[in-house]
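> Questions regarding the structure given below will be posed in turn.
The values are calculated or read from the model by the stated rules, or taken from the named source; none is laboratory data. Computed from a predicted structure; not experimentally measured. With ideal geometry, Cβ positions are generated from the backbone for all residues, glycine too; neighbour counts draw on all protein chains shown. Areas reflect the complete protein model, heavy atoms only, side chains present, ligands, DNA and RNA absent. Shrake-Rupley method; radii C 1.70, N 1.55, O 1.52, S 1.80 Å.
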Amino acid sequence: MATLLEMRGITKTFPGVRALDDVTFSVREGEIHALVGENGAGKSTLMKVLSGVYPHGTYEGDIVYDGEVMAFGGIADSERRGIIIIHQELALVPLLSIAENIFLGNERATAGVISWQETNARAQELLRKVGLREAPQTQVDRIGVGKQQLVEIAKALSKDVRLLILDEPTAALSESDSQALLDLILELKAQGVTSIIISHKLNEVRRVADSITVLRDGATVATRDARTEPVTEDRIVRDMVGRSMENRYPARTRRAGDVLFEVRNWNVTHPDHAERQVVRDVSLHVRRGEVVGIAGLMGAGRTELAMSVFGRSYGRNITGTVAVGGRTVDTSSVARAIGAGLAYVTEDRKELGLVLEESVQKNVTLANLPKVATGGVLRQEDETRVAEDYRRAMNIRTPSVFQQVMNLSGGNQQKVVLSKWLFAGPEVLILDEPTRGIDVGAKFEIYNIINDLSKDGKGVLMISSEMPELLGMCDRIYVMNEGAFVGELTAAEASQERIMSLIVTD
Amino acid sequence: MTHTASDAARGAATRGWAAYFGTHMRDYGLLFALIAIMAFFQAVTDGTLLRPVNITNLFLQNSYIIIMALGMLIVIVGGNIDLSVGSVMGFVGALAAVMIVEWGLPVGVTILLCLGAGILIGAAQGYWVAYWKIPSFIVTLAGMLVFRGASLWLLEGQSVGPFPRSFQALSTGFVPDLFGVDRPNVTALAVGVVAVMAILWMGLRKRARNRAYGIEDEPAAFFALRNAIIAGACLFLIWKLSTFRGLPNVLITMGVLTIVYAFLTEKTVLGRRIYALGGNAKAAKLSGIATERLAFLTFVNMGFLAALAGLVFAARLNTATPKAGFGMELDVIAAVFIGGASMSGGVGKIVGAVVGAFIMGVMNNGMSIMGIGIDYQQMIKGLVLLAAVIFDVYNKQKQG
């Protein structure tokens, strides 16, 4: 079979991070090629380079497609050549009809006037191809996620797709919807469509893929041909995680005390879909001085668990109990949760953690203003002193504490969020992806701060999608999948392979 | 990304006057705009603008706009908007007229009841915005229609008046000269001098504090010039006022309210939380701030100030008319945006809103003296509002 696509020596850097490092990736015409790797391995970045989201010139290396070197300036260019990407978060407009969505940006129109007959008729045809029986006029938010995924594929077909890229297409789908989708991809293959599929579900990869490429830390580890050699899940897992662990994690004397924080029988349903249970009967505990991790894939329900515990900031129909220091506490509002000694450091610091237009100082004191106020009036000297103290202690690099936080780097912003929560004086800190999107040096500083907290006898519950980080930092790791805890490993037992296999064999 | 912080540090060290002026253009721009507009109208009206009687008039004419701008700034900083203030103002004026003229209630009782009515109106609107998350634009648009109608209904389409002198004094009264000189009014002069000294003292204190913390400092010449202009302008206005009838009561009300609200927004926990709410409501909520209650309170406060403005307005006209306050909300909102507040919330200052209101007020007054028709006046005011906002956005892009 001929080579359809070859990406040669692709290197892509972001400020402070090398996301892709000399990646080579080649896809043969008419195959299904799986791209696997941990979160942050560079899969999505590679696909964004391919589809022109990162235009020619912002990366190094060559894309050879159909025998020609390509220089895509944007998505429109790659789509014109038949390269269509379907993102993990669906890009459908919920209040428009299926047909309108399929032809969005590509309207069936003459001189700007849409022909609804042609739109609906062609949509009908495409829907039949993907096996959907819905009327083209149906509003998209009336159909389930699985069917929406099929609409996305119909949309891709409407653009004469040659190379279809699917980024975790089954992540949000039920078992039967996933099967239907994979069948469709196989059928498209029979019709000559080449596919690249990014997936964490190795059983699915094994089922459909002709070739498998593993990325790790922004580099290609291996490409294996599933038709010439049998590729076991074990083999893939070892490719995915087999990296040397150097001293990226500062040492800490481990000394766990009494149980400090306990959650029992926690259940949460989705705020909009009461039938979708997001957290199922989770129980956990954290001892004084302990750093406990929660491992899992994106969408496993870890953030939802943390935010629902912290003042019911997520979900509804929440049941279960929370105890701090052996006493059951009320965490039904954020203020009460803070009062009970909890702090939640969000994974999304820009959206949920910081007031970007305000200064470092004003962000640091925000969660505990009464501590720097008398009778409701702020003591500004004290406030500045507090901010200065944290600036020194956390090594926040900023010209002054009066600088707007939006001018700080990601790592320094994260330190501001941490300072805010330390100033609130918590006993238990829930850290949600505390090192996401920050460079290696800042990560090391954050790890040191976590170790200091544990030395002070605080309890730390740490959610992370980077498994090495959990293994390097935690005394104990809970593994979460599809809303439930599927395993608990001590530091001695835990390995990336064991965590991965708990997740994929669930 | 770490290079951004160090770049900024290096930049701050080498920054000169011009750069300082560039980054603080907005603060100076507003002040200079007001001065330039006053100078312009002073020239084209042959000195009528700054005659003592006209200055007094300027304060009286704009008092209710400024009073409402204080509340509107807080609502807008909190990330909302209130379109109903003009109608609420008119309604409360009508209520006062009916209570005093038709029911014969005492002035003091009427004032308290009217302020209470304003608070209730604010609470009723704020409830839907804060706790039901209905967009404030819609809730207060409904409020605008409701209270326009309610004024008509209350007054049965008639003008009701006149008011007793004690009620009129709310607006058109003057503080008598305690020293008995009267021309010039020594009390007014004394208050003016004390106020100017207080402004200078606070400026110096802030400067000393900034220096202690090593914050980028305003060049000394700028500081001196800016304060000299402010002090000079204040003393000039006070002198003019003192040669007419002294300090209008409403100027005292306005001054006190401005100081109270500036303090509230800049120095208190409550104020800080309102800025956080408008800047990032989700982050504020996750920091344990009761964001709903806070948004609710901004509307309660707005209702209170709209009611106060309604009383002042009715007292000034000495009658309540069904048309009072029509379209006034737009002047108030324009003043707040000219004063530098951001539509998306979290940004804006009380002093900015007050200066913004004066810019609008001086333009209204100056153009009326010149005999420019209402048609042109509206167009010019609209363009000034647009220019102010474009200036803001341009500045932000240049910095970003």
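> Wholly within region A:300-413, which helices (runs of 4 or more DSSP H) include no fewer than the required count, namely at least 3 residues that are within 11 Å of chain B (Cβ to nearest Cβ) and not hydroxyl-bearing (S, T, Y)? Full working, then the answer.
Details: elements: A:302-309, A:334-339, A:360-364, A:380-394.
Counting at least 3 such residues, we get A:334-339, A:360-364, A:380-394.
> It is to be established whether one or more residues within region B:182-193 are free of Cβ contacts under 8 Å to residues at least 24 places away in the same chain, more than 30 Å from B:E102 (Cα to Cα) and outside any loop (DSSP other than H, G, I, E, B).
From region B:182-193, those free of Cβ contacts under 8 Å to residues at least 24 places away in the same chain are B:190; that's our starting set.
Subsequent filtering for residues that are more than 30 Å from B:E102 (Cα to Cα) retains B:190.
Subsequent filtering for residues that are outside any loop (DSSP other than H, G, I, E, B) retains B:190.
Yes; the residues of region B:182-193 include at least one that is free of Cβ contacts under 8 Å to residues at least 24 places away in the same chain, more than 30 Å from B:E102 (Cα to Cα) and outside any loop (DSSP other than H, G, I, E, B).
> A follow-up question, please. For region A:245-266, state whether one or more residues are part of a strand (DSSP E or B) and on the phi > 0 side of the Ramachandran plot. Show your work before the answer.
Taking region A:245-266 and keeping what is part of a strand (DSSP E or B), we get A:259-266.
Among the residues that remain, those that are also on the phi > 0 side of the Ramachandran plot are: A:265.
So far as region A:245-266 goes, yes, one or more of its residues are part of a strand (DSSP E or B) and on the phi > 0 side of the Ramachandran plot.
> Filter region B:248-301 for residues that are of a type in the set (K, R) and open to solvent by 20 Å² or more (accessible area, probe 1.4 Å) and give the result.
B:K267, B:R273, B:K282, B:K285, B:R293
> Same structure, new question: Please go through region B:323-342 and give me each residue that is part of a loop (DSSP other than H, G, I, E, B) and surrounded by fewer than 22 Cβ atoms within 10 Å (Cβ to Cβ), ordered by number.
Initial filter on region B:323-342 (part of a loop (DSSP other than H, G, I, E, B)): B:323-327, B:339-342.
B:K323, B:F326, B:G327, B:S342, listed by residue number.
> Could you grab me the full set of residues in region A:201-238 that are under 23 Å from A:A190 (Cβ atoms), assigned to a helix (DSSP H, G or I) and open to solvent by less than 50 Å² (accessible area, probe 1.4 Å)?
Correct list: A:E204, A:V205, A:V208.
> Okay, moving on. Looking at the structure I just gave you, is A:L431 aliphatic (A, V, I, L, M) and either at pLDDT below 95 or outside the structural domain of A:C474 (by TED's automatic domain parsing) (or both)? It would help to see each step written out before you state the result.
On the way: aliphatic (A, V, I, L, M): yes; either at pLDDT below 95 or outside the structural domain of A:C474 (by TED's automatic domain parsing) (or both): no.
Considered against the rule, which asks whether it is aliphatic (A, V, I, L, M) and either at pLDDT below 95 or outside the structural domain of A:C474 (by TED's automatic domain parsing) (or both), A:L431 comes out as no.
> Would you check which residues across region A:279-312 are in contact (Cβ under 8 Å) with a residue 24 or more places away in the chain and open to solvent by 40 Å² or more (accessible area, probe 1.4 Å) and list them? Step through it out loud before you land on a result.
Narrowing region A:279-312 to residues in contact (Cβ under 8 Å) with a residue 24 or more places away in the chain: A:279-311.
If the condition is that a residue be in contact (Cβ under 8 Å) with a residue 24 or more places away in the chain and open to solvent by 40 Å² or more (accessible area, probe 1.4 Å), then A:R280, A:D281, A:S283, A:H285, A:R287, A:R288, A:M298, A:G299, A:E304 are the ones that fit.
> Condition first: part of a loop (DSSP other than H, G, I, E, B), at negative phi and within 12 Å of chain A (Cβ to nearest Cβ). Can you find one or more residues in region B:269-278 that meet it?
The initial filter retains those residues of region B:269-278 that are part of a loop (DSSP other than H, G, I, E, B), namely none.
Scanning region B:269-278, I find no residue that is part of a loop (DSSP other than H, G, I, E, B), at negative phi and within 12 Å of chain A (Cβ to nearest Cβ), so the answer is no.
> I need a count of the residues in region A:478-490 that are within 26 Å of A:I449 (Cβ to Cβ) and either open to solvent by 40 Å² or more (accessible area, probe 1.4 Å) or not assigned by TED's automatic domain parsing to the domain that holds A:V460 (or both).
Taking region A:478-490 first, the residues within 26 Å of A:I449 (Cβ to Cβ) are A:478-480, A:488-490.
Now drop any that are not either open to solvent by 40 Å² or more (accessible area, probe 1.4 Å) or not assigned by TED's automatic domain parsing to the domain that holds A:V460 (or both), which leaves A:488, A:490.
The total comes to 2.
> Could I ask something else about it? Within the group B:A262, B:A233, B:A283, which residue is facing chain A (nearest Cβ under 9 Å) and not hydroxyl-bearing (S, T, Y)? Please lay out each step first, then the result.
On the way: B:A262 fails: facing chain A (nearest Cβ under 9 Å); B:A233 fails: facing chain A (nearest Cβ under 9 Å).
Selected residue: B:A283, the only one of B:A262, B:A233, B:A283 that is facing chain A (nearest Cβ under 9 Å) and not hydroxyl-bearing (S, T, Y).
> Here's another thing I want to ask about it. A:R436 is checked against (1) over 18 Å from A:C474 (Cα atoms); (2) in contact (Cβ under 8 Å) with a residue 60 or more places away in the chain; (3) among the basic types (K, R) and fails just one. What number does that condition carry?
Condition not satisfied by A:R436: (1).
> Please list, ordered by first then second residue, the pairs with beta carbon atoms under 6 Å, 6 or more apart or interchain, first in region A:64-78 and assigned by TED's automatic domain parsing to the domain that holds A:S26, second among the aromatic types (F, W, Y).
Listed by first residue and then by second, the contacts come to A:S78/A:F72.
> Applying the selection to region A:317-337, what residues are open to solvent by 30 Å² or more (accessible area, probe 1.4 Å) and either of a type outside the set (A, V, I, L, M) or touching a Ser or Thr at 6+ places or on another chain (Cβ under 8 Å) (or both)?
Selection gives A:N317, A:T319, A:G320, A:T321, A:G325, A:G326, A:R327, A:T328, A:D330, A:S332, A:S333, A:R336.
> Among A:D475, A:D452, A:D456, which is open to solvent by 10 Å² or more (accessible area, probe 1.4 Å), away from every other protein chain (no Cβ under 14 Å), touching a Ser or Thr at 6+ places or on another chain (Cβ under 8 Å) and not aliphatic (A, V, I, L, M)?
Working: A:D452 fails: touching a Ser or Thr at 6+ places or on another chain (Cβ under 8 Å); A:D456 fails: touching a Ser or Thr at 6+ places or on another chain (Cβ under 8 Å).
One residue alone meets the criteria, A:D475.
> Further question: Mind telling me which of the residues A:G441, A:G437 ends up being open to solvent by 10 Å² or more (accessible area, probe 1.4 Å) and in a helix (DSSP H, G or I)? Don't jump to the end; show me each part of the working.
On the way: A:G437 fails: in a helix (DSSP H, G or I).
Sole residue among the options that is open to solvent by 10 Å² or more (accessible area, probe 1.4 Å) and in a helix (DSSP H, G or I): A:G441.
> Being farther than 18 Å from B:K323 by Cα and either open to solvent by 30 Å² or more (accessible area, probe 1.4 Å) or modelled with pLDDT under 95 (or both) narrows it down to one residue among B:L152, B:L112, B:L141; which is it?
On the way: B:L152 fails: farther than 18 Å from B:K323 by Cα; B:L141 fails: farther than 18 Å from B:K323 by Cα.
Among B:L152, B:L112, B:L141, only B:L112 is farther than 18 Å from B:K323 by Cα and either open to solvent by 30 Å² or more (accessible area, probe 1.4 Å) or modelled with pLDDT under 95 (or both).
> Give just the number: which of (1) more than 14 Å from chain A (Cβ to nearest Cβ); (2) within 21 Å of B:S136 (Cβ to Cβ); (3) without any contact (Cβ under 8 Å) to a residue 12 or more places away in the chain does B:A290 not satisfy?
So the condition that B:A290 fails would be (1).
> Looking at region B:159-175, is at least one residue closer than 21 Å to B:W239 by Cβ and open to solvent by 30 Å² or more (accessible area, probe 1.4 Å)?
yes
> Could you grab me the full set of residues in region A:137-184 that are of a type in the set (A, V, I, L, M, F, W, C) and part of a loop (DSSP other than H, G, I, E, B)? Please lay out each step first, then the result.
At the first step, the residues of region A:137-184 found to be of a type in the set (A, V, I, L, M, F, W, C) are A:140, A:143, A:145, A:150-151, A:153-154, A:156-157, A:161, A:163-166, A:171-173, A:180-182, A:184.
A:I143, A:V161, A:A171, A:A172, A:L173 - these are the residues of region A:137-184 that are of a type in the set (A, V, I, L, M, F, W, C) and part of a loop (DSSP other than H, G, I, E, B).
> When you look at A:E168, is it buried (at least 19 other Cβ atoms within 10 Å of the Cβ) and at positive phi, yes or no?
Details: buried (at least 19 other Cβ atoms within 10 Å of the Cβ): yes; at positive phi: yes.
Criteria met by A:E168.
> Among (1) open to solvent by less than 40 Å² (accessible area, probe 1.4 Å); (2) farther than 19 Å from B:A43 by Cα; (3) at pLDDT 90 or above; (4) among the aliphatic types (A, V, I, L, M), there is one condition B:I359 misses while meeting the rest; what is its number?
With respect to (1) open to solvent by less than 40 Å² (accessible area, probe 1.4 Å); (2) farther than 19 Å from B:A43 by Cα; (3) at pLDDT 90 or above; (4) among the aliphatic types (A, V, I, L, M), B:I359 is out only on (2).
> Next question, about the same structure. List the residue pairs whose Cβ atoms are under 7 Å apart, where the first residue sits in region A:151-176 and is free of Cβ contacts under 8 Å to residues at least 40 places away in the same chain, the second is hydroxyl-bearing (S, T, Y), and the two are 6 or more positions apart or on different chains.
Correct list of pairs: A:T170/A:S178; A:T170/A:S199.
Yes or no, residue by residue, for (1) in a helix (DSSP H, G or I); (2) touching a helix residue (DSSP H, G or I) at 6+ places or on another chain (Cβ under 8 Å); (3) open to solvent by 10 Å² or more (accessible area, probe 1.4 Å):
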{"position": "B:I65", "(1), (2), (3)": "yes, yes, yes"}
{"position": "B:M68", "(1), (2), (3)": "yes, yes, no"}
{"position": "B:M72", "(1), (2), (3)": "yes, yes, no"}
{"position": "B:L105", "(1), (2), (3)": "no, yes, yes"}
{"position": "B:I121", "(1), (2), (3)": "yes, yes, yes"}
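> Separate question: When you check B:R316 against the structure, is it open to solvent by 40 Å² or more (accessible area, probe 1.4 Å), away from chain A (no Cβ under 12 Å) and among the basic types (K, R), yes or no?
Details: open to solvent by 40 Å² or more (accessible area, probe 1.4 Å): yes; away from chain A (no Cβ under 12 Å): yes; among the basic types (K, R): yes.
Judged against the criteria, B:R316 is a match.
> On the given criteria, is A:K420 of a type in the set (K, R), in contact (Cβ under 8 Å) with a residue 40 or more places away in the chain and either away from every other protein chain (no Cβ under 12 Å) or outside any loop (DSSP other than H, G, I, E, B) (or both)? Before the answer, list the steps.
Numbers: of a type in the set (K, R): yes; in contact (Cβ under 8 Å) with a residue 40 or more places away in the chain: yes; either away from every other protein chain (no Cβ under 12 Å) or outside any loop (DSSP other than H, G, I, E, B) (or both): yes.
In short, yes.
> A further question follows. From the list B:G345, B:G371, B:G366, pick out the single residue that is over 15 Å from the mean Cα position of the chain (by Cα) and surrounded by fewer than 21 Cβ atoms within 10 Å (Cβ to Cβ). Explain how you work it out, then say what you get.
Values: B:G345 fails: surrounded by fewer than 21 Cβ atoms within 10 Å (Cβ to Cβ); B:G366 fails: surrounded by fewer than 21 Cβ atoms within 10 Å (Cβ to Cβ).
The conditions single out B:G371.
> Sticking with this one: A:D160 fails exactly one of the following numbered conditions: (1) open to solvent by 60 Å² or more (accessible area, probe 1.4 Å); (2) modelled with pLDDT under 85; (3) closer than 22 Å to A:F103 by Cβ. What is the number of that condition?
Among (1) open to solvent by 60 Å² or more (accessible area, probe 1.4 Å); (2) modelled with pLDDT under 85; (3) closer than 22 Å to A:F103 by Cβ, the lone unmet condition for A:D160 is (2).
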